[in-house]
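First the structure, in the form of structure tokens, and then the observations on it.
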Amino acid sequence: MMKDKKLTNGRLMPQPGFGTFLTPDGEICVNSVRTAIEKGYKHVDTAAVYGNEKSVGEGIRESGKQREEIFLTSKLWNTERGYDTTLRAFEKTISDLGTDYLDLYLIHWPANRKQFGDKADQLNIDTWRAFERLYEEGCIKSIGVSNFMPHHLEPLLEVANVMPMVDQIEYHPGFMQPETVNYCQQKGIVVQAWSPLGRGSILFDELLTGLAEKYGHTVAQTVIRWVMQHDIVPLVKSVTPSRIEENLQVFDFQISEEDMALIDKMSSSRVGSDPDEATF
């Protein structure tokens, strides 16, 4: 299992990625990002709506690593969809992060029909046009989406000049979104998993605790490995130094096909919002 995942434009995305969702702005965020990089993470994921981009940027700088050594992702928030507003939002994001480019920029959520009716698809397309411009200008090295399902992607792909390279979706044992995963992988779109641990809801599952013991790893490590063996890039988050380090130690074992199938059969539900029902 390679630590880097190649995108369709040839750029390499390190895995697993270090997530910062719900990491409070300030010292906690700065310290967790710095610690993650010092422990070996090369991929940091944030978003404008997380409210911690300034601290993420500071954590990267305090790590002592050169900017080009870190794969940095952020996301456009829903209130900034549209061509001109996207361009302005991007400028604020890179200013807050203290960088002059992003390695990956994502549309955080698709505009949906519940909120925008028959204008939803065009709003996604207008936003994507701005992404394409920023990509062509070299301000963003790779572009993609988040929480898009096939019916959100199809209208965009019909007119896109640059194909999305990534779709970041909720993905964890019991909630695997096979239709979206299969669609993306057939199109060459790399799938990232947010909340691969189900926001902690699966850490005490009897099956997973048994398998973790079998493989001599933690439940978190076992699930992160399971995600990667499905050819999906996990985004893992912690502010605890020992767990930050643990979550990166997933390259020294392989889950058997039989045990992969057992995890695949688990049943769970969303821990986040349904992209078709979101009104935020």
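For segment 125-145, name all the residues that are surrounded by fewer than 20 Cβ atoms within 10 Å (Cβ to Cβ), in contact with a Phe, Trp or Tyr (Cβ under 6 Å, 6 or more places away or on another chain) and either farther than 21 Å from Arg67 by Cα or at pLDDT below 95 (or both). Asp126, Arg129 - these are the residues of segment 125-145 that are surrounded by fewer than 20 Cβ atoms within 10 Å (Cβ to Cβ), in contact with a Phe, Trp or Tyr (Cβ under 6 Å, 6 or more places away or on another chain) and either farther than 21 Å from Arg67 by Cα or at pLDDT below 95 (or both). Within segment 252-275, being in contact (Cβ under 8 Å) with a residue 60 or more places away in the chain, part of a loop (DSSP other than H, G, I, E, B), over 19 Å from the mean Cα position of the chain (by Cα) and surrounded by 13 or more Cβ atoms within 10 Å (Cβ to Cβ) holds for Met266, Ser268. Beta carbons closer than 7 Å, at least 6 apart along the sequence or on distinct chains, pair a first residue in segment 48-62 that is under 14 Å from Leu106 (Cβ atoms) with a second that is in a helix (DSSP H, G or I) and open to solvent by 10 Å² or more (accessible area, probe 1.4 Å) for Ala48/Ala89; Glu53/Asp96. May I ask you to list the residues in segment 158-183 that are under 16 Å from Leu106 (Cβ atoms) and in contact with a helix residue (DSSP H, G or I) (Cβ under 8 Å, 6 or more places away or on another chain)? Of everything in segment 158-183, those that are under 16 Å from Leu106 (Cβ atoms) and in contact with a helix residue (DSSP H, G or I) (Cβ under 8 Å, 6 or more places away or on another chain) turn out to be Ala160, Val162, Met163, Pro164, Asp167, Ile169, Tyr171, Thr180. Is at least one residue of segment 189-196 out of contact with any Cys (no Cβ under 7 Å at 6 or more places or on another chain), open to solvent by 50 Å² or more (accessible area, probe 1.4 Å) and either among the small types (Gly, Ala, Ser) or outside any loop (DSSP other than H, G, I, E, B) (or both)? No, there is no match, as no residue in segment 189-196 is out of contact with any Cys (no Cβ under 7 Å at 6 or more places or on another chain), open to solvent by 50 Å² or more (accessible area, probe 1.4 Å) and either among the small types (Gly, Ala, Ser) or outside any loop (DSSP other than H, G, I, E, B) (or both). The requirement of being crowded, with 20+ Cβ neighbours inside 10 Å and closer than 21 Å to Ser267 by Cα is fulfilled somewhere in segment 209-218, by at least one residue.
Residues that are open to solvent by 70 Å² or more (accessible area, probe 1.4 Å) and not in a strand (DSSP E or B) within segment 1-20 comprise Met1, Met2, Lys3, Thr8, Arg11, listed in sequence order. Criterion applied to Lys39, Lys65 was being in contact with an Asp or Glu (Cβ under 6 Å, 6 or more places away or on another chain) and open to solvent by 40 Å² or more (accessible area, probe 1.4 Å), and the one residue passing it is Lys39. Scanning segment 21-36 for residues that are buried (at least 20 other Cβ atoms within 10 Å of the Cβ) and outside any helix (DSSP H, G or I) gives a single hit, Thr23.
Tell me whether segment 6-15 contains one or more residues that are touching a Gly at 6+ places or on another chain (Cβ under 7 Å), of a type outside the set (Val, Ile, Thr) and at pLDDT 95 or above. The answer is no; no qualifying residue exists.
This table checks each residue for (1) hydrophobic (A, V, I, L, M, F, W, C); (2) within 26 Å of Val56 (Cβ to Cβ).
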| site | (1), (2) |
| --- | --- |
| Ile189 | yes, yes |
| Ala193 | yes, yes |
| Glu206 | no, no |
| Val227 | yes, yes |
| Pro241 | no, yes |
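Among residues of segment 220-243 that are on the phi > 0 side of the Ramachandran plot, those with a Cβ under 8 angstrom from a residue that is buried (at least 20 other Cβ atoms within 10 Å of the Cβ), sequence gap 6+ or separate chain, pair up as Asp231/Val191. If the condition is being touching a residue at least 60 places away in the same chain (Cβ under 8 Å) and either assigned to a loop (DSSP other than H, G, I, E, B) or exposed (fewer than 15 other Cβ atoms within 10 Å of the Cβ) (or both), then segment 146-161 contributes Asn147, Phe148, Met149.
The values are calculated or read from the model by the stated rules, or taken from the named source; none is laboratory data. On a predicted model such as this, the values are computed, not experimentally measured, just so you know. Every residue, glycine among them, receives a Cβ derived from its backbone with ideal geometry; neighbour counts consider all protein chains shown. We work out accessible area using only protein heavy atoms, side chains counted, and drop any ligands, DNA or RNA first. Shrake-Rupley method; radii C 1.70, N 1.55, O 1.52, S 1.80 Å.
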